[in-house]
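In what follows, a structure is listed as structure tokens, so that the remarks can point back to it.
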Amino acid sequence: MDDEEEQQKLPDLVKALVHHLLSQNLPPNSPPLNPTSSHFQNSLRYAHRILSSHLTPSVTPDAAAIAESIKRRLATEGRSSEALSFADLYTKFVSKAADVDNKWALLHLFNIISQDRKTAVKSQLDASVFLPNLTISDNNVGPRRIENKGWSDGVVVLAKDPNNRRDIAFREYVKLVKEENDVTEEAMVTDVLYACQGVDGKYVKFDNENNCYVLLDSIRVSRGTTGMVYRLCELGVLFKKVIGYIEQSLGRFQTEDVGTVGQAFCSALQNELSDYYKLLAVLEAHSSNPIPLLSESASSVNYLSLRRLAVWLAEPMVKMKLMADLVEKCRVLRGGAMAGAIHLHARHGDLMVHEFMKRLLQRVCSPLFEMVKRWVLEGELEDIFAEFFIVGQPVKAESLWREGYRLHDAMLPSFISASLAQRILRTGKSINFLRVCCEDRGWAHAATEVAIDTGATARRGGFGYGETDTLESLVDEASKRIDKHLLDVIYERYKFKEHCLAIKRYLLLGQGDFVQYLMDIVGPELSGPANTISSFKVAGLLETAIRASNAQYDDPDILDRLRVKMMPHESGDRGWDVFSLEYDARVPLDTVFTESVMARYLRIFNFLWKLKRVEHALIGAWKTLKPNCITSNSFIRLQSSVKMQLVSALRRCKVLWVKINHFISNFQYYIMFEVLEISWSNFLSEMEVAKDLDDLLAAHEKYMDSIVEKSLLGELSQSLYKSLVVIFDLILRFRSHADILYEGIHMLQARITESSLSSRDQKKTRKQLKDKSLDEGSWVADGKKALTQHAGEFLRKMEQDLDAITKEYTSLQEEFISQLPVQQHVDLKFLFFRLDFNDFYRRVVS
């Protein structure tokens, strides 16, 4: 009984709905609608026919989407209030009609009815607004217009199709399709599948000239089918390009160096194509099922039409385009450059493309990351195909760090930053430096600990593409431990600090007692011509200076490295000009103390040696001009005029000596303390915080640059340096004049003393004077009468020479000091303050 009541309930609801709708459209003051009238019965039958229709609507069965479409249409038509009312009614309908299954069908029905009503109003048909005034007849096969008083609107109604005209129309359409196409769709699908595998079909052939698949001209195919076939066959063109690259690369493996990254790329492409082959196999199985006609129900849901094939091949088309593009870009690339080019295509917003590229790159970059691992943990560079971004070349041990390995920027993939690449390079260089130059194996223990701590031994490579954090962690940890071990070996085993201090003490003349004694004993030897000096004799004097000073207590290994070097000389050079010291820096210290660095040390030594020579000359001049020369009793017998000339000459000489000594003393203090000591202190500080050998090299380079720039040896201070050299030469000339004056005074004393001796003593004295290379015709050898005249002439000449030297020195010193304030280096301005602390020279210049 319950089922019968339910079945009876639905027609009653339909009848009530039709009665309600017809009653709303009755004119005012009209009698109530009679349910037994023909008008009501025709409308009721039409409603039943609509509800029992099997025509499937071309909409998605989604109630929310249909409701949103209705609201949007109402809002577009300017009926916002009705859209809001509809939204409210729809919300209530959804909440209260929970037991209604086909809500979307009701909404679609109401929407279609509303659209039919709107269309009927626009075309001004004489029909009812919704269902009224309909005449439905079983014999009708088309729409009829019903005339009725009081009604101005109506609808078009389809009557029952007793002759099955719908099937007739479908058959006519199929016949038309067959007339337009000489080939069935099943055959087209089969040929397209062949083309997707790079094989010519029966009707679809590959055109080599245009590089595309074309249909035979002898067959007739509709324009729509032709376009669909061409679009689908594009996949076959892309496939031929990819498979051609793979086959070409496989052929080159035997004759050319394709490289491990190129092999991995081909392997990754083949792996992706294997999935593509599987898909084509499934599609070929489906293509054997017949395609049903439009009027027939499909006997199998797995049939394959051109449209279905387009859906199936949409994703493979995207992947194949990517692979073809990669093949074209990577055709002339290898190694890291190839990996970097592929990586650029991974930056894609499509998740499917991104995952595809990531999967491809993980296989392609596997050899590259294996090279990184071996280089960082073992220092091994196995790159027979020149694919790695680090390049090695055979060099000498002393050049291993600077020239043995370098970055190859063209092979650096874009997913490895430049800073990370530099750390990778330095880590492997440190291992090779320890192995080759230091003959140390302690790095292996540190590398093993790094591999265990970072998990690099858990699987092959320990990391791969997309694991940049793991790569950076491995490199940072390996770099930190291996660089620390390298510095420990340099400092402790090879005593780098001690050797730097030895160079400072001996080449930079920081060991005062050694330098002073060396200057005293080699001075007479170096005063001769350069081509007459024996380097073996000078080396013996060096050993003597070492044994006579505190240098004898230094490490024998350090003293053994200190040697004499005689530089190339020209005619007219003296021994002072070619003498120098050198320090033998052996492996691995010669990585820091390279030939160019030692050449800079030699240049600094030559400058400091000149400065020391000038200082030594001034000390010697002071010894010859000691005050007791003037108070000698032997000058009492001279005339007062000669005595005054002698006193004047000595005074001029001492005044000039004081000026020169003030300049040299302050300049030497500046060099020794404000240049050498401060630079050394800064170098020690930077040496303590150095984390790797590059930092140590940079600190030493900065130390050298500081000394060179502050010592007037830099390019910007060349004018000052030249002025200073001229001053040094003038000071040495002053020393020679002081010696001449001293010798003249000494001979004058001897001549005066001779006049008071016996004849036998006079002959002895003259013989001593001859030994001093004095001619018999000199003024000393003359009689007592001419002594005063010749002495006066000699002293006047000395006064003139001293005045000329004083004038030239004053001019050179003022010129030198005037250039100091405009120098860029701040320490040179401090030198100006030290030399001109009371603004004396500034007032003179102004």
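Checking G392 against (1) over 16 Å from G464 (Cβ atoms); (2) out of contact with any strand residue (DSSP E or B) (no Cβ under 8 Å at 6 or more places or on another chain), which test does it fail?
(2)
So, V100, is that one at pLDDT below 80, among the β-branched types (V, I, T) and open to solvent by less than 60 Å² (accessible area, probe 1.4 Å) or not?
The answer is yes for V100.
Would it be correct to say that E380 is open to solvent by 50 Å² or more (accessible area, probe 1.4 Å), among the acidic types (D, E) and touching a Cys at 6+ places or on another chain (Cβ under 9 Å)?
When the stated conditions are applied, E380 does not pass them.
Hey, could you check the stretch 246-301 for residues that are over 30 Å from I384 (Cα atoms), among the acidic types (D, E) and at pLDDT 70 or above and say which is surrounded by the fewest Cβ atoms within 10 Å (Cβ to Cβ)?
Going through the qualifying residues, I end up with D275.
Need at least 2 residues that are without any contact (Cβ under 8 Å) to a residue 12 or more places away in the chain and out of contact with any helix residue (DSSP H, G or I) (no Cβ under 9 Å at 6 or more places or on another chain) per element, so show me which helices (runs of 4 or more DSSP H) inside the stretch 345-448 make the cut, counting only ones lying wholly within it.
Filter on the stretch 345-448 gives 351-364.
Return yes when L509 is of a type outside the set (V, I, T), open to solvent by less than 30 Å² (accessible area, probe 1.4 Å) and outside any helix (DSSP H, G or I) and no when it is not.
yes
If I filter the stretch 551-596 down to residues being β-branched (V, I, T), over 30 Å from G528 (Cβ atoms) and outside any helix (DSSP H, G or I), which single residue comes out as modelled with the lowest pLDDT?
Checking each candidate, the answer is V587.
For the stretch 321-334, which positions are at pLDDT 90 or above and in contact with an Asp or Glu (Cβ under 9 Å, 6 or more places away or on another chain)?
Result: K321, M323.
Which one is most open to solvent (accessible area, probe 1.4 Å) among residues in the stretch 683-713 that are among the small types (G, A, S) and either closer than 17 Å to F593 by Cα or in contact (Cβ under 8 Å) with a residue 24 or more places away in the chain (or both)?
Selected residue: A698.
Mind checking whether some residue in the stretch 615-631 is closer than 30 Å to V436 by Cα, modelled with pLDDT under 90 and either touching a strand residue (DSSP E or B) at 6+ places or on another chain (Cβ under 8 Å) or part of a loop (DSSP other than H, G, I, E, B) (or both)?
Checking the stretch 615-631: not a single residue is closer than 30 Å to V436 by Cα, modelled with pLDDT under 90 and either touching a strand residue (DSSP E or B) at 6+ places or on another chain (Cβ under 8 Å) or part of a loop (DSSP other than H, G, I, E, B) (or both).
Where the second residue is open to solvent by less than 60 Å² (accessible area, probe 1.4 Å) and at pLDDT below 60 and the first is closer than 24 Å to L13 by Cα and lies in the stretch 44-66, which pairs have Cβ atoms under 6 Å and are six or more apart or on separate chains?
Filtered contacts from the stretch 44-66: R45/I136; Y46/L134; Y46/I136.
Can you give me the number of residues within the stretch 69-87 that are acidic (D, E) and at pLDDT 80 or above?
Adding up the residues that qualify gives 1.
Taking only pairs six or more apart or across chains, which ones have beta-carbon atoms under 6 Å, a first residue in the stretch 793-804 that is within 20 Å of I731 (Cα to Cα), and a second residue that is of a type in the set (D, E, K, R) and open to solvent by 60 Å² or more (accessible area, probe 1.4 Å)?
Note: pairs meeting the criteria are L802/R652.
Which condition does D207 not pass, out of (1) among the charged types (D, E, K, R); (2) at pLDDT below 70; (3) in contact with a strand residue (DSSP E or B) (Cβ under 7 Å, 6 or more places away or on another chain), if it passes all the others?
Of the numbered conditions (1) among the charged types (D, E, K, R); (2) at pLDDT below 70; (3) in contact with a strand residue (DSSP E or B) (Cβ under 7 Å, 6 or more places away or on another chain), the odd one out for D207 is (2).
Going by the conditions given, is P57 out of contact with any Asp or Glu (no Cβ under 7 Å at 6 or more places or on another chain), surrounded by 10 or more Cβ atoms within 10 Å (Cβ to Cβ), in a loop (DSSP other than H, G, I, E, B) and modelled with pLDDT under 80?
yes
Tell me which residues, restricted to the stretch 304-344, are without any contact (Cβ under 8 Å) to a residue 12 or more places away in the chain and exposed (fewer than 14 other Cβ atoms within 10 Å of the Cβ).
Passing the criteria: V311, A314, V332.
Would you call K358 under 25 Å from the mean Cα position of the chain (by Cα) and surrounded by fewer than 17 Cβ atoms within 10 Å (Cβ to Cβ)?
Yes; evaluated as a whole, the condition is true for this residue.
Determine if the stretch 454-465 includes at least one residue that is within 30 Å of G262 (Cα to Cα), within 19 Å of the chain's Cα centre (by Cα) and modelled with pLDDT under 90.
yes
Would it be correct to say that K643 is modelled with pLDDT of 90 or more and among the basic types (K, R)?
No; evaluated as a whole, the condition is false for this residue.
The values are calculated or read from the model by the stated rules, or taken from the named source; none is laboratory data. The model shown is predicted, which means the values in this text are computed figures rather than measured ones. No Cβ is skipped: glycine too gets one built from the backbone with ideal geometry, and neighbour counts run over all protein chains shown. Each accessible area value is taken on the protein alone, full model and side chains, heavy atoms only, with ligands, DNA and RNA left out. Shrake-Rupley method; radii C 1.70, N 1.55, O 1.52, S 1.80 Å.
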